[in-house]
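Asks: Quick one: this structure, given as C-alpha cells, is what I'll be asking you about.
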Amino acid sequence: MMNVTKRLSAMFAAMIMVFCTPLLVFAAGQTELRDDAGLFTSEEETQLQSELDTFVQKTGWVAVIYTNNEGKTEDNIKPFANRYYADKYGKTTAGVMLTIDMEGRAIDFRTKGDAMYYFSDDRVNTLLDDVQYEMKEADYFNAAEKFLYYVDRYYDEGIPEGESNENIDLQEKEDNKLLYVVTHYGIFIAIGSIIVAVIIVVVVKSRYKYNGKAGTYDLKKNSKTMLTDKQDIFLTKHVSVTRIQRDSDSSGGGSSSSSSGGGGSSGGGSRSF
Amino acid sequence: MATVNYTCPNCAAPLKFNPDKQMFSCEYCMSDFTEKYIQDFFAKKEQKENSAEKQEKKEQEKAKENAAKQAQSKDNTQAENKTEEDAVIYNCPSCGAQVVTTASTAATTCFYCQNPVVLGGRLSGEFKPDRVIPFKLSKQKAIDKFLEMCKKKWFLPKDFVSEKHFDKLTGVYFPYWYVDEQRNAQMIAKGEKVRSWVVGDDRYTETKVYELRRTGDLIVKNVFERALKSQDRDMLQCVHPYDLGEAHPFAMSYLSGFQAEKRDIEKKEIAQAVQTRINGYCQQLMKDTASGYSAVQIQSYNDKIDLEKWNYTLLPVWVVTYKYKGKILPFAINGQTGKTYGELPTSIGKLIACGAIIAVVLMALGLLGGLLFL
C-alpha cells in the first residue's frame, strides 16, 4: 500500500513538472530588430542592434524592435504585440518591445515579466509621448532611439515606489495556468478531495460494519397478484409551457483573451500617430 | 424432560446429520441412513422404552416425596433441575455427565463426551416446529465461504483470519415464524402520465390524470420474523434469504450433531409488526399493477385477510463469536446458501492509505480538470 502511495506521489510530482516545463523553455537576454516596414537604413539598424545588445547585456532582459505593415490600429495592436512576444520569448520572460505598424499608424510599447514593474504609468506615458512625437515627425530612427533611451534610463532608476501601475494587465491564468489553478482553486480542490476521500472511507467502514445486511426479503419472488377488477379512468389533462433558456449569442469567442491576445501578463500602452 | 441421543442402529455410536450427503452418518462404522429410516427406527425404540419409563416415573415420584421430607437433598440425580440463572441441567444419555443448557436450548453437545444430545421435550407438543431446513453446508464448506468472503475484503486486518476462530464455529438451528397470507384488497389511486415536447423555444408538458381502481387477491408468502429473544435480531433477520422449497417437515433427528433453540417469542408478540409489514407489501403490490404511470399516489386502500398461516420453522445457521482487539464480534453464515452476516473489523492503516490515495488522485484530477476547462 505504501509503495502505491509513493508511486502516485511521484506521478503527481512528475505531472506538475510537465505542466511547469514550458515556463523554463525560453531563455532571457535576447535581442531582435525586425524591420519589416523598412523604416531603418542599414547603418541605423547596425546602431540600433548595437544599442539593443548593450542594453540586453546590462539588464538580462529581452529587447525587441519590430516594425511591420500588419494594419493593426491603436485599438488592437496591443494583443498582437503581446502574442508576438509571448510566442517567441515566452509569456513571462522579462523584456521590452516596441512595435510600429505603419499600415495601421499605431505604436505599442510592451513590457513583460519583471520588466513590467519598472514602468509605472507615468514612465510609460513619457516614453510613448516622445516616441509618438518622433513617429508623427516621421523620424523613425529617433523614435527607436527614444525607446532605447527610456528603457535604459528607467532600468537604471529601478522600480518606482508608490506610483500608479494601471498599465500592467495581469493575466495570471495565461502566464502559468497550473499556478493559477492552484492559487485560485487549490484549496477548494484539496478540501473537496479530502471530503470525498473521507466519505468513501466512512462508506467502506460502514459496509464492513453492516456486512450482509441488505436484501433479505424478495417481495417479487414471494408474492402473487390476481386482479379481478382493473380500471384506469381518465380524469383530466393539462398542458404547461415553459420557455427554454438558451445561452445568449456569443460575440466572436474568446472575449477575455482578446484583451491580452493570449500572450499573458504585460504592461505598456499603445498610441496612434 | 427426556433427552434423545441418536445413536447408530449398527454400532450405537453417536449419529450426526451430514449436510454434504443429506443423510445421517456414523463416524465410527461409516454407515449412512436416510431420514425416514432413522425416524422409523427411533419410533419403534421409543415404543419399547415407554413401558419401562412409566415404571421409572412411579419410582421417581416416590423418590420425590422422600426428597421433600429431606429439605436439603435436592441433587443431580433428577433428569432436570433449574438453576438460579434459568439454566437447565440434563444428564447425558451417553456418559451420564451433567449437561447445562439455557431454557431455550433444544439440542446441544455433551461437554464431556462431545456426543450430540437432543432435548426432545423442548420441541414437542405446541413447540414442535412445522418444518426445518436441514444444514446444506458442512462446517468445512462454511469455513470456505467465510474465507472466500474474507478474500474479497481488502480492508480486513491481516491477522483477522485465524484458524482458531473456526474451532468455535457452531451449527445452530434457530427458530423463526414464517407467515403466508392471502388478502382481498381494493385500491383507488391517482396516476399521472407525463409527456413533453419542444416547439421552437417552448417546452410543452402534458400531464394526464387518471383514477386507478384495482380489486384483487394478493398472496404474500414467507414473511419471516425471529422467534428467539436472546439472539441479536439483526443477525437472525439478515442471515436470510433461505430457499423454503428445500424445507422438510420437522423431524427431531435433523438436530442430531447440531445445536438447536426453541422459540421464546409467541405469535401474538409479533403479530402486529408482521401485519404492518404485510400491509406495506400488499400496498406495494397493488401500486405495482399501475404500470406506465410516471407517478402513482394511493388515495384509498383497504383489504381483508382471507387466509393466514403461521409456520414455526427451524433454520440452519453457522455461528461463530470471536474477540478481536477486545471487541466481541458475532458472525453468522447461512447454513443453506453460505450468505455471511456480521460486523467485520477494518485495518485503520489500510483505510488511511486508501483515503490518502483517493484524495491525491482526486486532487490530481481536479487540477487536471482546472487546467483543461478553466
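Laboratory data are not the source of any read-out in this text; all were calculated from the coordinates shown. What you see is a predicted model, and the numbers here were worked out from it, not measured in a lab. With ideal geometry, Cβ positions are generated from the backbone for all residues, glycine too; neighbour counts draw on all protein chains shown.
Asks: What is the stretch B:139-343's relative contact order, in percent, from Cα pairs under 8 angstrom and six or more apart in sequence?
Replies: On the way: 340 pairs, mean separation 73.3, N = 205.
Relative CO of the stretch B:139-343 lands at 36 percent.
Asks: Here's another thing I want to ask about it. So, R0 is 41 Å and r is the distance between the beta-carbons of A:Lys230 and A:Arg207; what FRET efficiency does that work out to, to 0.05? Spell out each step's value before the answer.
Replies: Details: r = 42 Å, r/R0 = 1.01.
Given R0 = 41 Å and the Cβ-Cβ separation, E is 0.50.
Asks: Let me ask something additional. Taking the Cα-to-Cβ direction at A:Asn165 and at B:Glu27 and moving 7 Å from each Cα, how far apart do the two end points lie in nm?
Replies: Each label point is offset 7 Å from its Cα along the Cβ direction, giving 8.7 nm.
Asks: Label-point separation (nm) for A:Arg246 and B:Glu266, each offset 7 Å from Cα along Cα-to-Cβ?
Replies: Between A:Arg246 and B:Glu266, the simple spin-label model gives 7.6 nm.
Asks: At what distance in nm do the modelled label points of B:Lys323 and A:Val182 sit from each other, each positioned 7 Å from its Cα along Cα→Cβ?
Replies: Calculated label separation equals 5.2 nm.
Asks: To continue, here is another question. How would the stretch B:139-343 be classified by its alpha-carbon gyration tensor: rounded, prolate or oblate, with rounded meaning a/c under 1.5 and the a/b versus b/c comparison settling the rest? Walk me through the numbers before you get to the answer.
Replies: Values: a/c = 3.31, a/b = 1.66, b/c = 1.99.
The shape class here is oblate.
Asks: Would you list B:Ser347, B:Ser256 from fewest to most Cβ contacts within 10 Å? List each step's numbers first, then the result.
Replies: Details: B:Ser347 19, B:Ser256 23.
Fewest to most other Cβ atoms nearby, the residues stand as B:Ser347, B:Ser256.
Asks: Still on this model: Full extension from A:Asn125 to A:Glu172: what is 0.36 nm times the residue separation minus their Cα-Cα distance, to one decimal in nm? Mind dumping the intermediate values first?
Replies: Values: separation 47, 0.36 × 47 = 16.92 nm, distance 2.44 nm.
That works out to 14.5 nm of additional length.
Asks: Total Lys pairs in the stretch B:183-277 closer than 30 Å by alpha-carbon, pairs eight or more apart in sequence or interchain only?
Replies: 10
Asks: Please report the projected area of the stretch B:151-226's Cα convex hull averaged over all directions, in nm². The partial results should precede the final answer.
Replies: Details: hull surface 54.0 nm².
Quarter of the Cα hull surface area: 13.5 nm².
Asks: May I ask for the distance between the Cα centers of the stretch A:86-107 and the stretch A:164-185, given as a whole number of Å?
Replies: If you average the Cα positions of each part, the centres end up 20 Å apart.
Asks: Hey, got a sec? Which trypsin sites (Lys or Arg not before Pro) in the stretch B:144-253 land in a DSSP loop and have at most 13 other Cβ atoms within 10 Å? Write down the numbers at each step before the final one.
Replies: Details: sites: B:Lys145, B:Lys151, B:Lys152, B:Lys153, B:Lys158, B:Lys164, B:Lys168, B:Arg183, B:Lys190, B:Lys193, B:Arg195, B:Arg203, B:Lys208, B:Arg213, B:Arg214, B:Lys221, B:Arg226, B:Lys229, B:Arg233; in loops: B:Lys153, B:Lys158, B:Lys168, B:Lys229.
Loop-located and lightly packed - B:Lys158, B:Lys168, B:Lys229.
Asks: Using the count of nearby Cβ atoms within 10 Å as a rough guide to exposure, how do A:Ile187, A:Ile107, B:Ile89 rank from fewest to most? Can you show the working numbers first?
Replies: On the way: A:Ile187 10, A:Ile107 26, B:Ile89 15.
Fewest-to-most Cβ neighbours within 10 Å comes out as A:Ile187, B:Ile89, A:Ile107.
Asks: On a 27 Å Cα-Cα criterion, which of the cross-link pairs B:Lys145/B:Lys287; A:Lys58/A:Lys112; B:Lys139/B:Lys323 come out too long?
Replies: Numbers: B:Lys145/B:Lys287 38 Å; A:Lys58/A:Lys112 17 Å; B:Lys139/B:Lys323 20 Å.
With Cα atoms farther than 27 Å apart: B:Lys145/B:Lys287.
Asks: Taking Cα pairs under 8 Å and at least six residues apart, what relative contact order does the stretch A:74-135 come out at, in percent?
Replies: The value is 30 percent.
Asks: Now for a different question. So how much slack lies between B:Phe127 and B:Leu307, counting 0.36 nm per residue of separation and subtracting their Cα-Cα distance, in nm?
Replies: Details: separation 180, 0.36 × 180 = 64.80 nm, distance 2.24 nm.
Answer, rounded to one decimal: 62.6 nm.
Asks: Given A:Lys205/B:Lys164; B:Lys136/B:Lys350; A:Lys209/B:Lys128; B:Lys21/B:Lys350; B:Lys16/B:Lys339, which pairs have Cα atoms separated by over 31 Å?
Replies: Values: A:Lys205/B:Lys164 25 Å; B:Lys136/B:Lys350 36 Å; A:Lys209/B:Lys128 36 Å; B:Lys21/B:Lys350 42 Å; B:Lys16/B:Lys339 23 Å.
Table pairs above 31 Å Cα-Cα are B:Lys136/B:Lys350; A:Lys209/B:Lys128; B:Lys21/B:Lys350.
Asks: Now, a different point. Relative contact order of the stretch A:94-194, please, whole-number percent, based on alpha carbon pairs below 8 angstrom and at least 6 residues apart.
Replies: Values: 87 pairs, mean separation 23.9, N = 101.
Relative CO of the stretch A:94-194 lands at 24 percent.
Asks: Moving on to the next point. Applying 1/(1 + (r/R0)^6) with R0 = 41 Å to the Cβ-Cβ distance of B:Thr289 and B:Glu246, what FRET efficiency is obtained, to the nearest 0.05?
Replies: On the way: r = 31 Å, r/R0 = 0.75.
In this case the efficiency is close to 0.85.
Asks: Fewest first, what order do A:Thr99, B:Thr105, A:Thr216, A:Thr228 take by the number of other Cβ atoms within 10 Å? Walk me through the intermediate numbers first.
Replies: Working: A:Thr99 26, B:Thr105 20, A:Thr216 15, A:Thr228 10.
The most exposed by this proxy come first: A:Thr228, A:Thr216, B:Thr105, A:Thr99.
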